[in-house]
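Okay, structure first, notes after.
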Amino acid sequence: MEVSHKDPQQRQQPKGQQRVLNPQVAVRVGRHANIRSHERVFGCKNFYYWWRHRRVTIAATALGLAVLVLTSGCLANPQRDQSRDLLDQLTLARGMLTEAATPLDDACSKVGDVETRLYGEPGLVDVQPAWSQLADAAHALQAVCGQSALLAQPTLDTAAAADARSRWQQGIQRELGLACDHLRAAASSLQRAARC
């Protein structure tokens, strides 16, 4: 048996994997050269300073959110503004359809544009009940456009043609009245004065 002066734990391990039994204390930097500063270079900052900065961040965030909430109540609702614009256009188109001198194409294209915007622009459906009333008014005015176009067509002088023309005339008056009722209801829900 061979006698060795090495520790038995070191003798059993291969040379590349020797364990360190007495590690040396690593150098630690706890303070830096500036004596007047209480800041630590490495490690966690003092809890008081951390909490103070945290409070400032929380207070600034809360203040920003409060300002955002308060100012958002003052901003205009874009969908309601668009609905009011559509109400004005439908009221103008209805006025043009009641006058015999104005061409139907301008008024009917306005009504078609309003219908396209009512169904195509996002968020307008959420302005209830004004959206439903505007859509009903637009449908009634489209019916006026269709019946007016039928009246403008040349027809034969027969009893059936005269009867059809009379029904179309009555239909125009009825649809103009319905459109006015829907426009009044829409104006009331949008806090506007009715103009028909």
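The values are calculated or read from the model by the stated rules, or taken from the named source; none is laboratory data. What you are looking at is a predicted structure, and each value in this text was computed from that prediction instead of being measured. In this analysis, Cβ positions are derived from the backbone assuming ideal geometry, glycine residues included, and neighbour counts consider all displayed protein chains.
Restricting attention to region 61-81, does a residue exist that is modelled with pLDDT under 85 and touching an Asp or Glu at 6+ places or on another chain (Cβ under 7 Å)? Before you say what the answer is, go through the steps one by one.
Step one: of region 61-81, the residues modelled with pLDDT under 85 are 61-81.
If we keep only those that are touching an Asp or Glu at 6+ places or on another chain (Cβ under 7 Å) too, we end up with 79.
Yes, some residue in region 61-81 is modelled with pLDDT under 85 and touching an Asp or Glu at 6+ places or on another chain (Cβ under 7 Å).
Within region 127-153, which residues are over 28 Å from Gln82 (Cβ atoms), at pLDDT 85 or above and not hydrophobic (A, V, I, L, M, F, W, C)?
If the condition is that a residue be over 28 Å from Gln82 (Cβ atoms), at pLDDT 85 or above and not hydrophobic (A, V, I, L, M, F, W, C), then Gln147 is the only one that fits.
Would you please name the residue that is nearest to Asp88 (Cα to Cα), looking only at residues in region 159-175 that are in contact with a helix residue (DSSP H, G or I) (Cβ under 6 Å, 6 or more places away or on another chain) and of a type in the set (A, V, I, L, M, F, W, C)?
Only one residue fits best here, namely Ile172.
For region 136-171, what are the residues that are of a type in the set (A, V, I, L, M, F, W, C) and without any contact (Cβ under 8 Å) to a residue 40 or more places away in the chain? Talk me through it step by step, then tell me what you get.
Here is the first cut: in region 136-171, the residues of a type in the set (A, V, I, L, M, F, W, C) are 137-138, 140-141, 143-145, 149-152, 156, 159-162, 164, 168.
Answer for region 136-171, where residues must be of a type in the set (A, V, I, L, M, F, W, C) and without any contact (Cβ under 8 Å) to a residue 40 or more places away in the chain: Ala143, Leu150, Leu151, Leu156, Ala159, Ala160, Ala161, Ala162, Ala164, Trp168.
Output the number of residues of region 107-135 satisfying the condition of being under 14 Å from Thr91 (Cβ atoms) and in contact (Cβ under 8 Å) with a residue 40 or more places away in the chain.
3
Please state which of the following conditions Leu156 fails to meet, knowing it meets all the rest: (1) at pLDDT below 85; (2) farther than 23 Å from Pro78 by Cβ; (3) touching a helix residue (DSSP H, G or I) at 6+ places or on another chain (Cβ under 7 Å); (4) among the hydrophobic types (A, V, I, L, M, F, W, C).
(3)
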